[in-house]
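Everything on this sheet refers to the single structure shown next.
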There are 2 protein chains.
Amino acid sequence: MITNNDIKMKPKALGRISTKGLSEEEKLDIKYMKAAIAQAKKAYTLGEVPIGCVIVYDGKIIGRGYNRRNTDKTPLAHAEITAIKRAGKVIKDWRLEDCKLYVTLEPCQMCAGAIVQARIPEVIMAAENPKAGCAGSVMDILNNPDFNHQVSVKKGILGDECAKLLKDFFVELRARNKAQKGNPQ
Amino acid sequence: MITNNDIKMKPKALGRISTKGLSEEEKLDIKYMKAAIAQAKKAYTLGEVPIGCVIVYDGKIIGRGYNRRNTDKTPLAHAEITAIKRAGKVIKDWRLEDCKLYVTLEPCQMCAGAIVQARIPEVIMAAENPKAGCAGSVMDILNNPDFNHQVSVKKGILGDECAKLLKDFFVELRARNKAQKGNPQ
């Protein structure tokens, strides 16, 4: 597993995304998910699993984040956690009650928990994560009626694009690891 | 709800805790839980719900944390998250694989998720949290066989003491809120 910070990987460009015939809300969802993808690509270039997130308040992005778990050497450096931290500094409150969170992959148990703790009312996500996702795949932390907050979830916005970004990343990483094994320095 | 930083509240002293007849492991658990309680008391003095946490590696405390959610204005300022952040800096890895985490109250969904993400193998907790705990009370995030990591959990170490600390806190807070309402400035 490559974990050092010297890796420079280059994600492929997204194909053209047509918004013809979409509603204003759908167009906005695509706009902000593209911003989340731009974050995910920053992770990709560092050799980190490409996951990105933005938080939107009153039509403005007030928090951005991307996965830097290996780079920063902390499990807390997930995209959503970083975005929540930054948004909190802008709002000056731990409650992000009027915000929407856009994320390129279904949140893990920690990030889903942080979203509930931050009282974020709506999450828009792209690709699902059948092995570890906690917006319904393995567990549903975002919508448990026993918690004091439930989150409305929209799935599949640019889902194919974000799934492809992840797939490209792992193909490239495996090829690099294989090449490194075959040619140890 | 009192949320400003000027509050100075004073937790009562813990009663004497006898360790007579206990095993070495039980004595250590009590020693580290007392250190977690010392953290919880720091939260208490700030008018924050008194929850504290320490992380132990190789017999040493390498991460401490206490609840500062209102003070720091972020949902991420839970005791466990702060302790995990600090322990990661000491270990220089996002994996805290040989650590034990001591916490005075059953973790919420975010903190339970962070514990799984950090691959912490063992959690020792004091009081249970029937309304929001995620080590079995509302959900069991620490022990879900579908995740790639499961956590061994020991419950009830100084549970009565930590439950009393929380109860004292809420009694004092309600009295302060009532007095403030009756005497607005």
Collect the residues in the range B:82-92 that are within 20 Å of A:GLN109 (Cα to Cα) and facing another protein chain (nearest Cβ under 8 Å), keeping them in residue-number order. B:ILE84, B:LYS85, B:GLY88
Report yes if some residue within the range A:1-21 is assigned to a loop (DSSP other than H, G, I, E, B) and under 25 Å from A:PRO121 (Cα atoms); otherwise report no. no
Sort out which residues of the range A:131-146 are over 17 Å from A:GLU80 (Cα atoms) and within 7 Å of chain B (Cβ to nearest Cβ), and write them in order of number. A:VAL138, A:MET139, A:ASN144, A:ASP146
Can you pull out every residue in the range A:52-81 that is within 13 Å of chain B (Cβ to nearest Cβ) and not in a helix (DSSP H, G or I)? A:ILE55, A:GLY63, A:GLY65, A:ASN67, A:ARG68, A:LYS73, A:THR74, A:PRO75, A:LEU76, A:ALA77, A:HIS78
Tally up the residues in the range B:115-161 that are modelled with pLDDT of 95 or more, within 19 Å of B:PRO50 (Cα to Cα) and part of a loop (DSSP other than H, G, I, E, B), please. 10
Among the residues of the range B:175-183, is there at least one that is outside any strand (DSSP E or B) and touching a Lys or Arg at 6+ places or on another chain (Cβ under 9 Å)? no
(1) touching a residue at least 24 places away in the same chain (Cβ under 8 Å); (2) within 14 Å of chain A (Cβ to nearest Cβ): which one isn't true of B:ALA163, the others all being true? (2)
Would you check if there is a residue in the range A:96-108 being farther than 22 Å from A:GLN150 by Cβ and either more than 12 Å from every other protein chain (Cβ to nearest Cβ) or modelled with pLDDT of 95 or more (or both)? yes
With the structure loaded, tell me whether B:PHE169 is more than 19 Å from B:TYR57 (Cα to Cα) and touching a residue at least 60 places away in the same chain (Cβ under 8 Å) or whether it fails that test. yes
Could you grab me the full set of residues in the range A:82-108 that are in a loop (DSSP other than H, G, I, E, B) and at negative phi? A:ASP93, A:TRP94, A:ARG95, A:LEU96, A:GLU97, A:ASP98, A:GLU106, A:PRO107, A:CYS108
Can we say A:ILE124 is more than 8 Å from every other protein chain (Cβ to nearest Cβ) and of a type in the set (Val, Ile, Thr)? yes
Could you please find all residues in the range B:103-126 being free of Cβ contacts under 8 Å to residues at least 60 places away in the same chain, surrounded by 24 or more Cβ atoms within 10 Å (Cβ to Cβ) and in contact with an Asp or Glu (Cβ under 8 Å, 6 or more places away or on another chain)? B:GLU106, B:PRO107, B:CYS111, B:ALA114, B:ILE115, B:MET125
Has the range A:38-57 got at least one residue that is closer than 30 Å to B:LEU96 by Cα and touching an Asp or Glu at 6+ places or on another chain (Cβ under 6 Å)? yes
B:LYS154 meets each of (1) farther than 25 Å from A:ALA132 by Cβ; (2) within 14 Å of chain A (Cβ to nearest Cβ) with one exception, condition (2)
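The values are calculated or read from the model by the stated rules, or taken from the named source; none is laboratory data. This structure is a prediction, so every number in the text was calculated from the model and none was measured. Here Cβ is always computed from backbone atoms with ideal geometry, including for glycine, and neighbour counts include all displayed protein chains.
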